[in-house]
Amino acid sequence: MQTNHSEAGHCENCPNAEATGPFGETQDRRTWLAWLLGTGALASFASFLYPVIKFLNPPPVSEAAVNEVVAGKVQDLKPNAGKIVKFGNKPALLVRVSDSEWKAFSAVCTHLNCTVQYQETSRQIWCACHNGTYDMSGRVVSGPPPKPLEEFAVLVRGEEVVISRRTS
């Protein structure tokens, strides 16, 4: 039996002849399998890495366009008491100072964005994160907060208490 050898010295009819790869060049099986496995491993690694990157860099969430919210009924809050209410996607602090006086502030501390609360005994707004306190005007009394709380307007409409953003 006679074999046909090409000019490069390769046997064209031999069972151990090199296979033609997907890109037209000649590759042996090991090179083809290594390329295939490498591509699969790279694709697997990318499929694991993609969700991690998306988790670490979440999409920006725009604030809900809320200018006014009903905070509750007048009879729900006794004098010298406060409660947290939802104002858009952030909390607000509603305080009933006396029978006829109401105050409302952003409940987000200006230091590290912790939620503040009203303390009935001291009649001050307190942040538990670093013991920051604000007076009933929203100004910083003590602690690390760098600026005062944002104050909201409070309006009593019949039996409902309504909090709204102040117009500048």
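Figures for the structure shown
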item	result
Of residues in segment 65-79 being among the hydrophobic types (A, V, I, L, M, F, W, C) and surrounded by 11 or more Cβ atoms within 10 Å (Cβ to Cβ), the one nearest to the chain's Cα centre (by Cα)	66
Residue ID - surrounded by the fewest Cβ atoms within 10 Å (Cβ to Cβ), chosen from residues in segment 81-133 that are basic (Lys, Arg) and assigned to a strand (DSSP E or B)	86
In segment 146-167, the residues that are of a type outside the set (S, T, N, Q) and surrounded by 15 or more Cβ atoms within 10 Å (Cβ to Cβ)	148, 149, 150, 151, 152, 154, 161, 162, 163, 165
Selection count, segment 132-149, where residues are touching a Ser or Thr at 6+ places or on another chain (Cβ under 7 Å), of a type in the set (Val, Ile, Thr) and closer than 12 Å to residue 111 by Cα	1
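Okay, residues lined up against (1) among the aliphatic types (A, V, I, L, M); (2) in contact with a Phe, Trp or Tyr (Cβ under 8 Å, 6 or more places away or on another chain); (3) assigned by TED's automatic domain parsing to the domain that holds residue 137:
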| position | (1), (2), (3) |
| --- | --- |
| 42 | yes, no, no |
| 46 | yes, no, no |
| 51 | no, no, no |
| 54 | no, no, no |
| 73 | no, no, yes |
| 77 | yes, no, yes |
| 81 | yes, yes, yes |
| 91 | no, no, yes |
| 96 | no, yes, yes |
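The values are calculated or read from the model by the stated rules, or taken from the named source; none is laboratory data. Keep in mind that this is a model prediction, so the values were computed, not measured. Counting neighbours? That spans all protein chains shown, and the Cβs are built from the backbone with ideal geometry, glycine included.
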